[in-house]
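Here the structure is laid out as structure tokens; the discussion comes afterwards.
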Amino acid sequence: MSITVIGEAVLDVVKTPSGETKELPGGSPANTALALTRLGVQTHYRGRLSDDSNGQLLFDHFKSQGVDMSAVIRVSEPSSVITAVIAADGAPTYQANLKGASDYGWQPSELSKPLPSDCLAVNFGSLATAIEPGASAIANWVADLPEQVTRSYDPNIRPGLMNRTDEEVRLQVDYLVRQSDFVKASDVDVQWLYPNLSVADVANLWANQGPDLVVITLGENGAVAARPQRSLMEVPPKVVTVADTIGAGDTFAAAVLRRVAQDQMLGERFEEWVSNDDSLLLGLHEAAVAAGITCSRNGANPPTWQEVSAAL
């Protein structure tokens, strides 16, 4: 059993409140692939990585951590470099010029390689599903995935970094939500997308548009989970000293998928897993603990399963 992750891998230039600057491998989908791997899940990463020095650094980093990089395409466009300015509360603000970067140039022909035969879930989202021309290619590829594959989506909205109008982004997010079985978003995402709706309203709205499970993380306030025609489920936070929140949401999603995989319920049995309150509560609790550990560290540095289990 394996999971495939598609999307960007970027070099994060992290500027801390103390004035320190660090260059760290990142990118929401690549972070998710790393988190899944450290949590013990066989993970294949699909990305368009530059053949420049940053692209090689990213490739070497994720491969050294055990992520299967055999489906990566190496291209001549430059790598994505994003500056993350960390506020005193650990929340990052992102700055970048991503026009023409390697991660967003997907063509349909580049997505023709079949999934591994044991792949039961695909995780996608973030800038790779928002920046054209690759966003439309990925959206069409997701729509054509086999029905037995669990589709996991994280919009990971980054205002100012996407080369589309706000309304175009909203329409794309709505489309991908309808294509998904599992949606993980943050309260910051949904407040930007739907400023006139509450987090609970958005969670229930999305849960009745197609997904079996919608989880919206609330930072220090935990998370809420919504299922079709069911009451909201609240997830208490894991209290930690926050270094920054980079990669926390990616780790949360990875930990949920790890629990489903551990229960052997990925694929056609995902809806059955979601409907079991005990299984879902356990998965969400583990995800909160894993995300908390990531928040306690600088950059996207997700924990191993041994670290999570020790903190449960």
Exercise. Has the range 85-100 got any residue that is of a type in the set (A, V, I, L, M, F, W, C), under 26 Å from Leu145 (Cα atoms) and out of contact with any Asp or Glu (no Cβ under 6 Å at 6 or more places or on another chain)?
Worked result: no
Problem set entry | Subset of the range 59-84 [in contact with an Asp or Glu (Cβ under 8 Å, 6 or more places away or on another chain) and basic (Lys, Arg)] | Arg74
For this session: Kindly check whether there is at least one residue in the range 142-149 that is among the hydrophobic types (A, V, I, L, M, F, W, C) and touching a Leu at 6+ places or on another chain (Cβ under 6 Å).
Result: no
Problem set entry | Complete set of residues in the range 13-67 that are of a type in the set (Ser, Thr, Tyr), in a helix (DSSP H, G or I), without any contact (Cβ under 8 Å) to a residue 60 or more places away in the chain and buried (at least 17 other Cβ atoms within 10 Å of the Cβ) | Thr37
Exercise. Between residues in the range 292-307 that are touching a residue at least 60 places away in the same chain (Cβ under 8 Å) and at negative phi and residues that are surrounded by fewer than 21 Cβ atoms within 10 Å (Cβ to Cβ) and assigned to a loop (DSSP other than H, G, I, E, B), which pairs lie under 6 Å by C-beta distance while being six or more apart or on different chains?
Worked result: Cys295/Val240; Cys295/Val242; Asn298/Ala243; Trp305/Gly40
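Check whether at least one residue in the range 227-246 is in contact (Cβ under 8 Å) with a residue 24 or more places away in the chain, part of a strand (DSSP E or B), in contact with an Asp or Glu (Cβ under 7 Å, 6 or more places away or on another chain) and farther than 20 Å from Phe124 by Cα, and report yes or no.
No: the range 227-246 contains no residue that is in contact (Cβ under 8 Å) with a residue 24 or more places away in the chain, part of a strand (DSSP E or B), in contact with an Asp or Glu (Cβ under 7 Å, 6 or more places away or on another chain) and farther than 20 Å from Phe124 by Cα.
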Exercise. Do we find that Val72 is closer than 16 Å to Arg158 by Cβ and surrounded by fewer than 21 Cβ atoms within 10 Å (Cβ to Cβ) in this structure?
Worked result: no
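Looking at Leu98, is it closer than 18 Å to Asn54 by Cβ, part of a loop (DSSP other than H, G, I, E, B) and either among the aliphatic types (A, V, I, L, M) or more than 17 Å from the chain's Cα centre (by Cα) (or both)? Break it down stepwise before answering.
On the way: closer than 18 Å to Asn54 by Cβ: yes; part of a loop (DSSP other than H, G, I, E, B): yes; either among the aliphatic types (A, V, I, L, M) or more than 17 Å from the chain's Cα centre (by Cα) (or both): yes.
Against the criterion (closer than 18 Å to Asn54 by Cβ, part of a loop (DSSP other than H, G, I, E, B) and either among the aliphatic types (A, V, I, L, M) or more than 17 Å from the chain's Cα centre (by Cα) (or both)), Leu98 qualifies.
Please state which one of Arg258, Arg170 is within 23 Å of Gly299 (Cα to Cα), of a type in the set (Lys, Arg) and either part of a helix (DSSP H, G or I) or out of contact with any helix residue (DSSP H, G or I) (no Cβ under 9 Å at 6 or more places or on another chain) (or both). Reasoning before the result, please.
Values: Arg170 fails: within 23 Å of Gly299 (Cα to Cα).
Among Arg258, Arg170, only Arg258 is within 23 Å of Gly299 (Cα to Cα), of a type in the set (Lys, Arg) and either part of a helix (DSSP H, G or I) or out of contact with any helix residue (DSSP H, G or I) (no Cβ under 9 Å at 6 or more places or on another chain) (or both).
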For this session: Mind telling me which of the residues Val122, Val81 ends up being under 20 Å from the mean Cα position of the chain (by Cα) and surrounded by fewer than 23 Cβ atoms within 10 Å (Cβ to Cβ)?
Result: Val81
For this session: State the number of residues belonging to the range 121-145 that are among the hydrophobic types (A, V, I, L, M, F, W, C) and closer than 24 Å to Asn97 by Cβ.
Result: 9
Seminar exercise, completed: Counting only residues that are surrounded by fewer than 24 Cβ atoms within 10 Å (Cβ to Cβ), closer than 29 Å to Thr83 by Cβ and at pLDDT 90 or above, the range 145-172 contains a total of 7
Exercise. Which number in (1) surrounded by fewer than 21 Cβ atoms within 10 Å (Cβ to Cβ); (2) assigned to a loop (DSSP other than H, G, I, E, B) marks the one condition that Trp106 misses?
Worked result: (1)
Exercise. Within the range 183-201, is even one residue among the aliphatic types (A, V, I, L, M), assigned to a loop (DSSP other than H, G, I, E, B) and surrounded by fewer than 24 Cβ atoms within 10 Å (Cβ to Cβ)?
Worked result: yes
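The values are calculated or read from the model by the stated rules, or taken from the named source; none is laboratory data. Remember, predicted model here, so these are calculated numbers, not experimental data. Methodologically, a virtual Cβ is constructed for each residue, glycine included, from the backbone with ideal geometry; neighbour enumeration extends over all protein chains shown.
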